[in-house]
Amino acid sequence: MFSATRGKALLLTRRLALQATRQLPNDAVKACATIGSADAVSRVTIDHWRHHQQHHRQCRQYSRTAFDMAKDGNGDKSKDKEDTIEIQNMTDPSQIPDVQTMNLPDDWTDEDTAKLLEEVQEMQEKEESEKFVPDWKPGMRRRKRIWSYNIEDLLYEDDPTLPRRWTLRDRRCGALAIKVGMMPFFDDWGYRHACTVLFVDENKVLDHKTMDKHGYMAVKVCAGRRKRKNVSSLVMGQYKDLLEGEDENPPYLVREFRVTDEKWLVPKFSQIHARHFVPGQNVDVAGISKGKGFQGAMKRWNFKGQPASHGVSKSHRALGSTGQCQDPGRVFKGKKMAGRMGGERKTVQNLRILKIDRGRNLLYIKGHIPGNNGCYVEVRDAVKKPLWKTQKVQANEDGNAPDRPPLPTFEFDESIDGCGDPGFEEVCPLDEKDPLNFDPDY
């Protein structure tokens, strides 16, 4: 037998608590029972109640204030006796009333308790929803920004009328190109760069993937040409809207590029040229690497090998130990051993575009690219370091560094882009410091 002091209090029994638990979210506080005076208030959640019932098989509600008063021997025992509630051996659910109230108005009913629970539930759901961004889409922040080192971040959060900023999570359409080969490129400083030349071969937008119909947003791009007789009638069905006449050949390759906003979907049947990218920006290039066939561990995994002289007999390029003894008695999966090398999809990131030939649709990219000469590769904006808002990217017409790529694509000039004539070249900005300016006193 336990006693509780006067004051507003609401005690939820197990039956009503379990009903509230099914309705409210698991991660939120389900319900709360406040017992005691204003000096000492103890709150017991439904989760604690369930845990207490599971282990002790009895539902007992303790009042810290009443416990302290009984321990100290203070307080009016007559009032305590009036407010005493017996809660013993409440293991049978049929004997437990729906609601037990203490020191509440006489007209307080179960409907009032259910209404109070609904108000608490609505308040919790409202507080939880305010933490997240409304109308969230892939690529956007899920939670609202509370603080930032940059004042512009907060301005874009408060004013939705401002144009959406370009972030590292945003994606736009890419392009398909043919690897021509490698050649040196000399900038105006006279510095030599090893470049790979890519040819953007007749890139056209074939179709769109929308969120309502397909569950994601993407642009379907085709490139190249192949003989019409080598394409089956089933595959030709998807090209019927693209091909103008029966004599026109279908495309050679079709790929999809994900985008993060429907506004950035390139119009159907429009062409994508090399000026889709900006001189000086970084791109990620993906392709199928050169096949090397079956190779040993030294070439495939760059193993050191065995010693070249003493103590080794015909095992100079051998793999070496591949496992342990009887325990575990096997070779672990994924062990680096001899096997087939190359012929896999590889992506090289953060390759800078040094020059763009708009007339011949050529991209001069610094560095190496996976694949053989003549194979197709996928070119996208860099995910990690696109170099926007820097002096390394070609400036806009107003002279400022661009903060985003051309959306959805560059406004092409039919008399220049793809005309096939040389002389329409755009080079990335030069470094401010001469890389070949050595100290004369050295």
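Which one is farthest from residue 176 (Cα to Cα), of the residues in the stretch 237-257 that are of a type in the set (A, V, I, L, M) and under 35 Å from the mean Cα position of the chain (by Cα)?
As a first pass, look at the stretch 237-257 and keep what is of a type in the set (A, V, I, L, M): 242-243, 253-254.
Filter again for under 35 Å from the mean Cα position of the chain (by Cα), leaving 242, 253-254.
Working: 242: 17, 253: 9, 254: 9 Å.
Going through the qualifying residues, I end up with 242.
Checking the structure you have, find out if any residue of the stretch 310-319 is assigned to a loop (DSSP other than H, G, I, E, B) and either in contact with a strand residue (DSSP E or B) (Cβ under 6 Å, 6 or more places away or on another chain) or within 30 Å of residue 396 (Cα to Cα) (or both). Among the residues of the stretch 310-319, not one is assigned to a loop (DSSP other than H, G, I, E, B) and either in contact with a strand residue (DSSP E or B) (Cβ under 6 Å, 6 or more places away or on another chain) or within 30 Å of residue 396 (Cα to Cα) (or both), which makes the answer no.
When we screen 307, 279 for residues that are in contact with a Lys or Arg (Cβ under 8 Å, 6 or more places away or on another chain) and assigned to a loop (DSSP other than H, G, I, E, B), the only hit is 279. The set of residues in the stretch 88-129 that are charged (D, E, K, R), at pLDDT below 85 and loosely packed, with under 10 Cβ neighbours inside 10 Å comprises 92, 106, 107.
Just the residues that are closer than 23 Å to residue 183 by Cα and either more than 28 Å from the chain's Cα centre (by Cα) or free of Cβ contacts under 8 Å to residues at least 40 places away in the same chain (or both), please, taken from the stretch 372-409. Outline the logic, then answer.
Our first condition is that a residue be closer than 23 Å to residue 183 by Cα; within the stretch 372-409, this holds for 372-382, 392-394.
The answer is 372, 373, 374, 375, 394.
For residue 316, the conditions (1) of a type outside the set (D, E, K, R); (2) touching a Gly at 6+ places or on another chain (Cβ under 7 Å); (3) open to solvent by less than 30 Å² (accessible area, probe 1.4 Å) are fulfilled apart from (3).
Mind counting the residues in the stretch 157-182 that are free of Cβ contacts under 8 Å to residues at least 60 places away in the same chain and open to solvent by 80 Å² or more (accessible area, probe 1.4 Å)?
In the first step, residues of the stretch 157-182 are kept if they are free of Cβ contacts under 8 Å to residues at least 60 places away in the same chain; the result is 157-163, 167.
Still in the list and also open to solvent by 80 Å² or more (accessible area, probe 1.4 Å): 158, 160-161, 163.
Total meeting the criteria: 4.
Of these, 292, 304, which one is in contact with a helix residue (DSSP H, G or I) (Cβ under 8 Å, 6 or more places away or on another chain), modelled with pLDDT under 95 and open to solvent by 70 Å² or more (accessible area, probe 1.4 Å)? Working first, answer last.
On the way: 292 fails: modelled with pLDDT under 95.
The match here is 304.
Being in a loop (DSSP other than H, G, I, E, B) and more than 32 Å from the chain's Cα centre (by Cα) is a condition met by no residue of the stretch 196-216.
The values are calculated or read from the model by the stated rules, or taken from the named source; none is laboratory data. Given the structure is predicted, the values throughout are model-derived calculations rather than measurements. Cβ sites come from the backbone with ideal geometry, for glycine too, and all protein chains shown count toward neighbours. In case anyone asks, the SASA skips ligands and DNA or RNA and just uses the protein heavy atoms, side chains included. Shrake-Rupley method; radii C 1.70, N 1.55, O 1.52, S 1.80 Å.
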